[in-house]
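Below is one structure, written out as structure tokens, with a few remarks after it.
Values in this text are rule-based calculations from the coordinates and carry no lab data. Owing to the predicted nature of the structure, the values given are computational and were not obtained by experimental measurement. When we count neighbours, we look across all protein chains shown, and the Cβ atoms used for this are built from the backbone with ideal geometry, even at glycine.
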Amino acid sequence: MSDTQFDTYEVFHQKKKGDPHIHVGAVHAPDPQTALQYARDQFARRLACVSLWVVNSRDITATDYQDERFFSMVLDKSYRDPKDFDAPLKETNV
Amino acid sequence: MNSQVTAEDQLARFEERVARGEKVEPGDWMPDEYRKSLIRMIGQHAHSEIVGQLPEGKWIPYAPGFRRKLTLIAKVQDEAGHGQLLYRAAETLGKSREEMLEELLAGKAKYANVFNYPTPSWADVGVIGWLVDMAAVVNQTMLQQTSFGPYARAMKRICYEESFHIKQGYDLVATLAKGTPEQKAMVQGAIDRWWYPTLMMSGPPDNLSAHTLQSLKWRIKTKTNEQVRQEYVDLIVPQIRALGLTIPDRDLKYDEKSEHWSYTQPDWEELKRVVNGDGPMNKERLAVRRKAHEDGRWVREALAAKRKEVAA
Ligand SMILES: [Fe+2]
Ligand SMILES: [Fe+2]
């Protein structure tokens with residue numbers, strides 16, 4: 001019997017238009033359309049939601065927490081930081 | 001990763017991280033015992049949410065009035081959702097939802113013992129929502145601090161919904177407590193029946209075995225069973241009394257020195273018996289779950305057929 005183990009789909013939830021989609025969890029479903037329906041039932045049955053994305057968990061490529069070097073700042077990156085410049089301009093949104 | 005890192009180094013690093021309050025994520029290195037404990041614990045928690053639908057669910061057709069019925073349906077649906085969130089959290093540790101579901105149906109899995117007690121009256125619905133979910137929330141609030149990231153995140157979402165469960169339960173109980181003498185007697189009867197089963201929910205007093213100490217050290221849980229139970233008692237006792245209801249414990253009293261309520265321990269032998277299958281409702285709960293699973297088979301088959309069609 002293997003009729004309960006569907007693929008999993010990661011669910012991304014947008015609270016209102018203009019907001020980013022935020023990862024909220026995953027659902028088991030046989031296909032993306034059904035995953036959307038389950039995602040609505042599971043993650044949007046109470047709080048506001050205007051849009052959902054689902055992505056098959058298999059299709060996500062992620063970094064490895066153990067590979068700390070991937071994000072390491074070997075060099076001084078302050079030249080990328082707006083705070084590091086002394087420019088008498090009206091604050092831009094940073 | 002550097003292959004010269006020894007097992008002891010890894011364990012030491014893991015323990016340091018956890019002690020700092022860092023969350024452990026599924027792909028991280030973790031001790032085998034940590035993984036096993038969490039799979040068992042989250043799995044049992046998931047089963048409890050699923051079986052927990054049944055005692056109240058049976059009252060849905062008889063709920064007095066449309067609003068109470070809608071509320072109860074929403075509450076029971078939330079519990080189904082909690083079960084799914086938790087199965088998913090356990091899955092990230094390497095055990096499939098399917099395996100867990102099969103263990104539950106085969107009667108091989110444990111779930112919260114409190115759901116092996118019957119719900120003969122409508123007042124039970126209120127008392128479950130209020131007392132059982134309150135005891136669950138005290139435990140789940142503690143679990144928001146667990147070191148395992150997916151479990152902690154699931155707990156946050158779940159606790160938010162539990163506050164609705166507690167409030168609707170309280171509202172139902174308060175309505176009956178202010179009602180006719182029959183209604184008041186009904187709700188008092190429900191408190192009398194559920195008091196000790198809810199005390200058992202946080203588990204027997206910890207013997208502070210190596211195992212308990214380890215799960216505290218690894219921050220799988222952050223409080224002992226006794227601490228969780230005391231917190232529940234301190235919260236609920238004044239609230240029950242404020243409604244003019246009584247608690248079936250003559251020795252219950254507030255201890256000024258410790259600022260805690262002291263209470264009579266439940267019968268731990270009864271817990272053992274019921275957990276091991278000899279409770280009033282164990283058989284029925286599993287039978288209902290199995291029937292629901294069979295009744296849903298055609299839906300799963302239809303979905304599977306659709307999946308093949310999509311893939312083709
Ligand atoms: Fe729940
Ligand atoms: Fe609940």
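Of all residues in the stretch B:143-152 being surrounded by fewer than 18 Cβ atoms within 10 Å (Cβ to Cβ) and part of a helix (DSSP H, G or I), which is farthest from ligand 2 (Cβ to nearest atom)?
In the first step, residues of the stretch B:143-152 are kept if they are surrounded by fewer than 18 Cβ atoms within 10 Å (Cβ to Cβ); the result is B:144-145, B:149, B:152.
Restricting the remaining residues to those that are part of a helix (DSSP H, G or I) gives B:149, B:152.
Details: B:Gly149: 22, B:Ala152: 18 Å.
Here the answer is B:Gly149.
Does at least one position in the stretch B:65-78 carry a residue that is within 16 Å of ligand 2 (Cβ to nearest atom), within 24 Å of B:Gln144 (Cα to Cα) and out of contact with any helix residue (DSSP H, G or I) (no Cβ under 6 Å at 6 or more places or on another chain)?
yes
Looking only at strands (runs of 3 or more DSSP E) that fall completely inside chain A, which ones have 1 or more residues that are more than 14 Å from chain B (Cβ to nearest Cβ), closer than 26 Å to B:Leu85 by Cα and without any contact (Cβ under 8 Å) to a residue 40 or more places away in the chain?
A:7-14, A:51-56
Residue by residue through the stretch B:13-54, note down the ones that are part of a helix (DSSP H, G or I) and exposed (fewer than 12 other Cβ atoms within 10 Å of the Cβ).
B:Glu16, B:Asp32, listed by residue number.
Among B:Val132, B:Val127, B:Val138, which is the only one that is more than 12 Å from the chain's Cα centre (by Cα), assigned to a helix (DSSP H, G or I) and in contact (Cβ under 8 Å) with a residue 12 or more places away in the chain?
B:Val127
Under the condition of being of a type in the set (D, E, K, R) and touching a residue at least 24 places away in the same chain (Cβ under 8 Å), which residue from the stretch B:82-119 is farthest from A:Val27 (Cα to Cα)?
B:Lys110
Do the conditions hold for B:Pro197, that is, is it away from ligand 1 (no atom under 14 Å from the Cβ), surrounded by fewer than 21 Cβ atoms within 10 Å (Cβ to Cβ) and more than 14 Å from every other protein chain (Cβ to nearest Cβ)? Break it down into steps so the answer makes sense when it comes.
Details: away from ligand 1 (no atom under 14 Å from the Cβ): yes; surrounded by fewer than 21 Cβ atoms within 10 Å (Cβ to Cβ): no; more than 14 Å from every other protein chain (Cβ to nearest Cβ): yes.
The answer is no for B:Pro197.
Table: residues versus (1) surrounded by fewer than 18 Cβ atoms within 10 Å (Cβ to Cβ); (2) within 16 Å of ligand 2 (Cβ to nearest atom); (3) more than 14 Å from chain A (Cβ to nearest Cβ).
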| site | (1), (2), (3) |
| --- | --- |
| B:Ala80 | yes, yes, no |
| B:Gly83 | no, yes, no |
| B:Gly94 | yes, no, no |
| B:Gly107 | yes, no, yes |
| B:Ala112 | no, yes, yes |
| B:Phe115 | no, yes, yes |
| B:Trp122 | no, no, yes |
| B:Met134 | no, yes, yes |
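Would you confirm, using the coordinates I've provided, whether B:Arg88 is surrounded by fewer than 17 Cβ atoms within 10 Å (Cβ to Cβ) and either assigned to a helix (DSSP H, G or I) or within 12 Å of ligand 1 (Cβ to nearest atom) (or both)?
The answer is no for B:Arg88.
Restricting to the stretch B:157-188, count the residues that are more than 16 Å from ligand 2 (Cβ to nearest atom) and part of a helix (DSSP H, G or I).
Residues of the stretch B:157-188 that are more than 16 Å from ligand 2 (Cβ to nearest atom), as a first pass: B:174-188.
After this cut, where a residue has to be part of a helix (DSSP H, G or I) as well, the list is B:174-177, B:181-188.
The total comes to 12.
Which of the residues belonging to the stretch B:61-85 are more than 16 Å from ligand 1 (Cβ to nearest atom) and in a helix (DSSP H, G or I)?
Those that are more than 16 Å from ligand 1 (Cβ to nearest atom) and in a helix (DSSP H, G or I): B:Pro61, B:Tyr62, B:Phe66, B:Arg67, B:Arg68, B:Lys69, B:Leu70.
Could you check A:Asp31 against (1) under 16 Å from B:Lys306 (Cβ atoms); (2) surrounded by fewer than 16 Cβ atoms within 10 Å (Cβ to Cβ); (3) among the acidic types (Asp, Glu) and say which number it fails?
The number of the failed condition is (2).
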